[in-house]
Structure formats: C-alpha cells, structure tokens
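Shown next, in structure tokens, is the structure this report addresses.
The values are calculated or read from the model by the stated rules, or taken from the named source; none is laboratory data. Since this is a predicted model, take the numbers as computed values, not measurements. Cβ placement follows ideal geometry from the backbone for every residue including glycine, while neighbour counts extend to all protein chains displayed. Remember, those area values only see protein heavy atoms, side chains included, never the ligands or the DNA or RNA. Shrake-Rupley method; radii C 1.70, N 1.55, O 1.52, S 1.80 Å.
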Amino acid sequence: GIIRDSDYTMEQLTLVAKTLRERENFRGYIHLKTIPGASHELVNQAGLYADRLSVNVELPTASDLQKLAPEKDRVEIEGAMHSIKVKRDETKEDKKHGIKSPRFVPAGQSTQMIVGATSTDDRAILETSSHLYETHKLRRVYYSAFSPIPHADARLPGQSPPLVREHRLYQADWLIRFYGFEANELTLPEAPSLELDIDPKTAWALRNRG
C-alpha cells in the first residue's frame, strides 16, 4: 500500500529513538515531536522509546489553524493527544494491578502554540491550554511569540508581539497548573488580554481585594 509521508517521517523518528535505546544503550532523556497526521499506532510505538512526546497544536484555536494552516486539523491533533493519554492510563492501570508493562512516555506529553500570529486574545489562549490540560492531561503547554520573517505570507502580522506577553502567559499557565486558578479568572471578558505591566497574580489580587 501507499505509505503517507507523515507515517514515514514518524517511523524514521521512532527508529532513531529505538536505536539510541537498544543499540547504543542510551538511558538519558528523549523528547520526540510527533508528526501531524501520523497513525496512532506509530505515535504509540514512539512512546515506548521516548520519555516525552509532543503533539503541537501550533495555533490557539481551530479557526486560527483554518486561517493560517488549513492542512492541519485540530480534531486530528487532539485525537493523537487522546491516543497517548489512553495508552498512558492503560500502562498506569496495569502497574496498579501488578502487571508488568513496557515504559510508555513516563514524562507525559506536551504541546506548543504560537502567540501573536493571529488576533486571538490571551483569554482564548488560556482557555485552550486549560482544555488541553484537563482533557488530555498534558504536562506542559509551551508558548512561543510569533516572529516575522522577510517576505512572509501577507496574512501574517508584520511585527512580533511584546516578548513580555509570552512571559505573562507562562505566569498565568503556572497559576492554572499549580494554584487552582480557572483560565477565565485571570482576564475579564471586557479586557481579555493579560496586563503587561504587572503579573497575572497581582492583577487578579487587585481585582479581588477581599
């Protein structure tokens, strides 16, 4: 049959990790990025050799993807995340019942999204991150400020967002992951962007002085 480019590339990445583990006896940390569109079977095979897998959403919303990267499908991306979560859950359940299972992505999975390539505000970005944490049990969401390149697509903005915006998103993300904040607590519907001059925890405290 015909082998898709995504499957071929995923297979080659997995082969590198397998070679490191089995032939070179490498026991250090391996973080593999999955290839969009690769079969769940190949992604799960990669998880046998990698400590962490990344399934990158690339952009915060499905409409952002449709606008700038229509070849990528949000449902397909989250399907890969779900597949990894299910396999991790199965492995954990086996261990609880004394069944010896092969290690599978012991450091979990992560994702990355570009910030500032579209007009999507911080409130929507944090809602996406919160959804991914809750639904797929991600360990980390990485935020990367958009950086323009010469002769880029006309749909892209001509300048980067302030770098401090990326920093504020990481601070807000920390509050969601470790301090129990809800994504919609950190901004207001009428002011959906994080404040750049003060950190999100201070901004929240000033709005909730009680």
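Key figures
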read-out	value
Per-residue ³J(HN,Hα) for the stretch 22-28, Karplus 6.51 cos²θ - 1.76 cosθ + 1.60, θ = phi - 60°, Hz, x for Gly and Pro	8, 8, 8, 6, 6, 10, x
Amide H contacts of SER54 (H built 1.01 Å from N, under 5 Å, at least 5 apart or other chain)	LEU32, LYS33, THR34, SER110
With every protein chain in place, the chain: carbon and sulfur % of accessible area (1.4 Å)	54 percent
Tail beyond 14 Å, pair distance distribution of the stretch 46-96 (Cα, percent)	59 percent
Solvent-accessible heavy-atom area per residue, rounded to whole Å², over the stretch 103-164 at 1.4 Å	48 Å²
Convex hull volume per residue for the stretch 150-210, taking Cα atoms only, in Å³	116 Å³
Part-to-part distance (alpha-carbon centres) for the stretch 40-66 and the stretch 171-207, which is given in Å	27 Å
Nonlocal amide H pairs with TYR142, under 5 Å, H built at 1.01 Å	THR111, GLN112, MET113
Peptides 71-81, 114-124 ordered by average Cβ neighbours within 10 Å, highest first	114-124, 71-81
Modelled FRET efficiency - R0 35 Å, TYR8 with TYR170, Cβ distances, 0.05 increments	0.50
Of all DSSP beta bridges in the chain, antiparallel share, percent nearest 5	10 percent
Under the Karplus curve 6.51 cos²θ - 1.76 cosθ + 1.60, θ = phi - 60°, whole-Hz ³J(HN,Hα) for the stretch 91-103, x wherever Gly or Pro sits	5, 5, 5, 4, 5, 4, 9, x, 8, 7, 10, x, 4
Computed over the stretch 75-185, Cα set: Rg, Dmax in Å	17.3, 58
Helix-only CD estimate at 222 nm, as mean residue ellipticity for the chain, using -39500 (n - 2.57) per DSSP H run (n ≥ 4)	-13500 deg cm²/dmol
Karplus-derived HN-Hα couplings along the stretch 114-119 (A = 6.51, B = -1.76, C = 1.60, θ = phi - 60°), whole Hz, x at Gly and Pro	8, 10, x, 7, 10, 8
Two-decimal ratio, the stretch 24-140, of alpha-carbon radius of gyration to 2.2 N^0.38 Å	1.14
Three-way shape call for the chain based on the alpha-carbon gyration tensor, with the a/c threshold at 1.5	oblate
Average Cα contact separation per residue, the stretch 1-151, under 8 Å, 6 or more apart, as relative contact order %	23 percent
Rel. contact order, % - alpha carbon contacts under 8 angstrom, at least six apart, the stretch 110-201	36 percent
Inter-label distance, nm, simple model (7 Å from Cα along the C-beta direction), TYR29/GLU190	4.4 nm
